[in-house]
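The values are calculated or read from the model by the stated rules, or taken from the named source; none is laboratory data. Just so we're clear, the structure is a prediction, and the values are computed from it rather than from any experiment. Cβ sites come from the backbone with ideal geometry, for glycine too, and all protein chains shown count toward neighbours. Accessible surface areas use protein heavy atoms only, side chains included; no ligands, DNA or RNA. Shrake-Rupley method; radii C 1.70, N 1.55, O 1.52, S 1.80 Å.
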Amino acid sequence: MRAYAPRGSRVRGNPRGYHADVSTWVEIGDRVFVRRYEFYDQNIGVVLGDGGVLLVDTRSTHVQAREIAADLRMLTGDPVTVVVDTHGHFDHAFGNHVFRPATIWGQAGCPPFLVATAETRRARVARDEPSLAADLVEVVIDPPDRVFDTTATLDVGGRPVELRFLGRGHTDHDAVISIPDADVVFAGDLIEGGNVPFFNDAYPLDWPDTADALAALVSGIVVPGHGDHAGRTFAVEQATAIRSVADLARRVESGDLGLEDAIALTPYPAFPPEDIRAPLKRALAQLRGEVTQVPSRRPG
Ligand SMILES: [Zn+2]
């Protein structure tokens, strides 16, 4: 397997260590699988139906996506028929093109976000992750061609798969994917195991309610975009942590608390200070009206 990042990557270090199931498919529900890739400790999901194959997220480049396609041969000889991008961040959607002619779904905000941000992200990731630079040049940006606003139900070889938009959170277009007959929820980056959630494109004041709604959906297994899959308790803990970031930011804004004191009180004490600072800064920016949607969307 081609290795793109050392364990403990500086971008997404994993202080708790990697799960024993890295690089194997794990069946977390009836014919629902997750595989953890070491690069960014990322989870890729698969739902197998009768002749239908749904893939959750496509990784950072066509090379990484082809690795998924090769690994899928361990599960099925059928081609991927449906892809769902949980959101438009490069590590979830830059591999899309490899899976055509599959239908690619995303929340309605996903294609414009991907198109608007792709070239700046391509350049920035190439700079931050030199091992990906050559491959990133060749990535064909291929946004979802099917979108939904709040809900959609897909048929994957006779199995219903539900897509939901629960509100702004990690981005303005996070899709949550439920497989009711297997009691599994793929949460994208609305929750994250083993790391501080990524807030740089987030809506920290909206995210707590969205995370609560996500936790309410979970009765069995929930799979975060990165890190260990878990159960409802984990989702509730994540929602509580995200709410505390918003609450701390409000206290700073009201003058009740200094910024450094608030940083010390964030629910991510085991992580580097620069990672902890980002959520609070983004929440303060939203409180001050300085967060604008990327890309800005015209009414109607
Ligand atoms: Zn993300």
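Calculate the FRET efficiency for residue 97 and residue 288 from the Cβ-Cβ distance with a Förster distance of 41 Å, rounded to the nearest 0.05.
Step by step, r from the Cβ atoms, then E = 0.60.
Amide hydrogen proximity for residue 28: with H placed 1.01 Å from N in the peptide plane, the residues at 5 or more positions away or on another chain lying under 5 Å are 33, 34. Per-residue 3J(HN,Hα) values for the stretch 152-157, derived from phi via the Karplus relation 6.51 cos²θ - 1.76 cosθ + 1.60 with θ = phi - 60°, read 7, 10, 9, 9, 10, x Hz in sequence order (x marks Gly and Pro). State which helices in the chain qualify, where a helix is a whole DSSP H run, it must extend 18 Å or more along its own axis by its Cα atoms, and its mean Kyte-Doolittle hydropathy must be at least -0.5. Correct list, ordered by number: 110-128, 232-254, 273-287. Ranked by the mean number of other Cβ atoms within 10 Å of their residues, highest first, the peptides 242-255, 184-197, 209-222, 52-65 come out as 184-197, 52-65, 209-222, 242-255. Note on the chain: antiparallel DSSP beta bridges, both residues inside, total approximately 65 percent of the bridges counted.
The stretch between residue 233 and residue 127, if pulled fully straight at 0.36 nm per residue, gains 34.4 nm over its current Cα-Cα span. The stretch 44-112 and the stretch 235-267 have Cα centres separated by 35 Å. Using just its DSSP H runs of length 4 or more, each adding -39500 (n - 2.57), the chain gives a mean residue ellipticity at 222 nm of -10000 deg cm²/dmol after division by all residues. Between residue 268 and residue 25, full extension at 0.36 nm per residue minus the direct alpha carbon distance yields a gain of 84.5 nm. When the inverse distances between all different Cα atoms of the chain are averaged and flipped, the Kirkwood radius reads 19.3 angstrom. Rolling a 1.4 Å probe across the protein heavy atoms gives the chain an accessible surface of 41 Å² per residue.
In this simple spin-label model, placing a label point 7 Å from the Cα along the Cα-to-Cβ direction at both residue 259 and residue 153 gives a separation of 4.9 nm.
Among 35-45, 115-125, how do they line up by average Cβ neighbours within 10 Å per residue, starting with the highest?
35-45, 115-125
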